[in-house]
Every structure is written in C-alpha cells, then in structure tokens.
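The values are calculated or read from the model by the stated rules, or taken from the named source; none is laboratory data. If you're wondering where the values come from, they're calculated on a predicted model, not measured in any experiment. Glycine also receives a Cβ, built like all others from the backbone with ideal geometry; neighbour counts cover every protein chain displayed.
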C-alpha cells in the first residue's frame, strides 16, 4: 500500500517538479512557468477554478484521471475483506486509505460524532447562502462511514470543505455503496489518496479509486476530487480561509502557490 | 398527425440533480425497478447493456430494440422518439454524473408520482410525465 501511495505521489509530484515544483495545477499548463499565476486564466476550468459548467449548470468538483481506470496492481486484488490506513506523516497529515469490501462489511450500528481535528483545521462560519450549513470545514472520512463503518479514526479523517465532502466525494462514494447493497456477492477494491503539496496542512484534494472485481459498472471510477469551496479562498499552507472579495479573480485556487 | 400520440413510454432513471449517466454508464441499479416494469408492461424494449443486467428469469419480458414494444427502458437515460409518456425512476440520491436530463426542459409535465421501496435504495419515486404542447 505504501508503494502504491508512493507511485501515486511520484506521478503527481514529478509533474509539479517539472515546473519548479510549486503548484499542482501547473501540470495542466506545460508552457507556463511557476510564476505565471495569471496564466491560469488561459484555461477555462482553471480560470473558473475546478468548476466545470454542464448543460445543467452544475458545479463539478472532480476531474477524471487515468481514463477512469483505477490503478490497483494485480497482486492487490482480493475478495478477502480488509481495511488499511497509512500512518500520519511527520506533519500529522493523513495518508492513503485502502480496502477490499463487500455488503457484509457495511455498518449496522449508529454513526458517532467526530472530535478529531485533522491538519489544516481552521474552522470558520459563513452565511449559509455561501456555505451550506455555515461551517466551511467538515471532518471528511477518506473511506466513508457508509462503506465499512469507520468512525473517529484520525488516520481516516482529513480537513475538507463542505462542498468537497458533500458535492465532491459523496456522490462518488454513493455509487460504490449502493452497488455493494444491490450486489451482495460483489467485492470492491477501494482507495482514497489525499494529495498535499510541499508542507501544506490542507490537502488539495483526493484521488478516489473504486473497482468492482466482478463487474465493470457504476462502482468503477478513478477521479481527483478538489478540496474547494466556491466563493471562499483557502490558504492550503495553513487551512485559513476567508471570503473571496474580488469576483474578477477566481476564488477557488486563489491562494496558489503553496509553500513558504 | 401529432407525433406524440404514439402510445410509447420511455422509462429512465435519474438522480436528485437529474443526472442520468457518467461516462456512458448508469448511475445506479435496483432490481425493484425491473420488478415494477414487468408488472406494468407485457413486454419492454431495452438497449443491449441494460438487457445484460436483467436477471435471467425476467429476460423473457424484455427485447433488445425490437421496435414492437409499448415501452423502452434505458439505464442511461436514452429517450425514445416519439414518446408520449415518460416514466422517471427517481433514485432520491445524488450520484456523480456528467450527463443530465431535465424533463421539464424537454416539454414534459409531471402528472403523478408514486414511492416504492427499492432493494438497495430506501425509496424510489416513480414519476409519470406527459407531453405538453412543447416539442422535444
């Protein structure tokens, strides 16, 4: 599992290092240098932030990666249920959550309240018209409670915006969960990898990979979900956040670049 | 001739945001939808992929694009033209989708809604629409 996390991190970080390693998004701008923040305006979805217009005018908080193919190795596939979370790193940041799961692993008990404050936890309250529910941050499960019953495990929780958790991760997680419920004899390989840049305490987002061993339908996907909140600027170095005052400047990734 | 007096019913499934598919695949599935369809129609047309997901003992109630059935079921929201009735099985869940279909924007008027329990979904709502005077 550590090897896979390393491979994934190398894939992302090697692209970052190609542009002097300061900004994850610059992998989408091969001709732009690390100082060309305004160059991000050249690409529509970067100008808007990772928000993609659809015919329904919906906000999309993800991008499909690797042609929607999860990258589990052959040796990793197993129908024997397990769950594993990498230990926190030297900065206390959460690592990869991996599992093989089926209907029998889904929780039957009550969901408990969460007390862990993951890295980057700088909680603020906003008008509910701007942030649903008011609070900017959720304690976001990497492997969702509805899948295997994970509760207040600090190795499975990250600081995620409300939008990231509810509009980004949850719609994908629901596909996996409901497939497990419908097909009791199917097994799902599942992995969530948070992506941090440099010493940032707030993750830029997560890679979500889900792969049904027995079929190739709604529980199969590979996406990167952005940790963003429209209308709010996030400082990924610390988790601090504030209202984006200037509507002309994309609010979502405004606090680029990361690091010192 | 009114193209919408065709007595054809299109059957699709949508999530709370009118999402119908993701990268060409269905958003979810529930055997109770098929159970409902077989009680409503003597035979139902469908597409190849949707047919492949139907349990063997129910496949005799479905045909692949025969053009001779009064209804067409599509897991990914394919609407048959002309149809004068649209039935939407609403998941009452939100799923990641990249293709959407808003019945109201396509001239459909909601005439009835009925809830029933799903196998893997707590509640599925069967919404029945009829064509207004708008064109598709």
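Is it fair to say residue A:177 is surrounded by 18 or more Cβ atoms within 10 Å (Cβ to Cβ) and at pLDDT 95 or above?
yes
Among what's in the range A:92-113 and is part of a loop (DSSP other than H, G, I, E, B) and within 19 Å of the chain's Cα centre (by Cα), pick the residue that is farthest from residue A:208 (Cα to Cα). It would help to see each step written out before you state the result.
Filtering the range A:92-113 for residues part of a loop (DSSP other than H, G, I, E, B) gives A:92-96, A:102, A:106-113.
Within this subset, residues satisfying the condition of being within 19 Å of the chain's Cα centre (by Cα) are A:92-96.
Details: A:92: 21, A:93: 17, A:94: 15, A:95: 13, A:96: 10 Å.
Once the filter is applied, the top-ranked residue is A:92.
With the condition kept exactly as written, say whether any residue in the range A:154-166 is more than 24 Å from residue A:80 (Cα to Cα), in contact with a helix residue (DSSP H, G or I) (Cβ under 7 Å, 6 or more places away or on another chain) and buried (at least 21 other Cβ atoms within 10 Å of the Cβ).
No: zero hits.
Provide a single number: the residues in the range A:188-197 that are buried (at least 22 other Cβ atoms within 10 Å of the Cβ) and either in a helix (DSSP H, G or I) or at pLDDT 95 or above (or both).
Total meeting the criteria: 4.
Filter the range B:107-136 for residues that are modelled with pLDDT under 95 and on the phi < 0 side of the Ramachandran plot and give the result.
Scanning the range B:107-136 gives B:131, B:132, B:133, B:134, B:135, B:136.
At least 3 residues that are in contact with a strand residue (DSSP E or B) (Cβ under 7 Å, 6 or more places away or on another chain), surrounded by 13 or more Cβ atoms within 10 Å (Cβ to Cβ) and in contact (Cβ under 8 Å) with a residue 24 or more places away in the chain in each: list the strands (runs of 3 or more DSSP E) lying fully within the range B:29-136 that qualify. Write out each step before concluding.
Working: elements: B:44-46, B:62-64, B:71-73, B:85-90, B:108-116, B:124-131.
Qualifying strands (runs of 3 or more DSSP E): B:44-46, B:71-73, B:85-90, B:124-131.
Just to check your reading of the model, which residue among A:209, A:182 is on the phi < 0 side of the Ramachandran plot and more than 9 Å from every other protein chain (Cβ to nearest Cβ)?
Unique residue meeting the criteria: A:209.
Being surrounded by fewer than 20 Cβ atoms within 10 Å (Cβ to Cβ) and at positive phi is the filter here, so list the residues in the range A:89-139 that pass it.
If the condition is that a residue be surrounded by fewer than 20 Cβ atoms within 10 Å (Cβ to Cβ) and at positive phi, then A:92, A:133, A:134 are the ones that fit.
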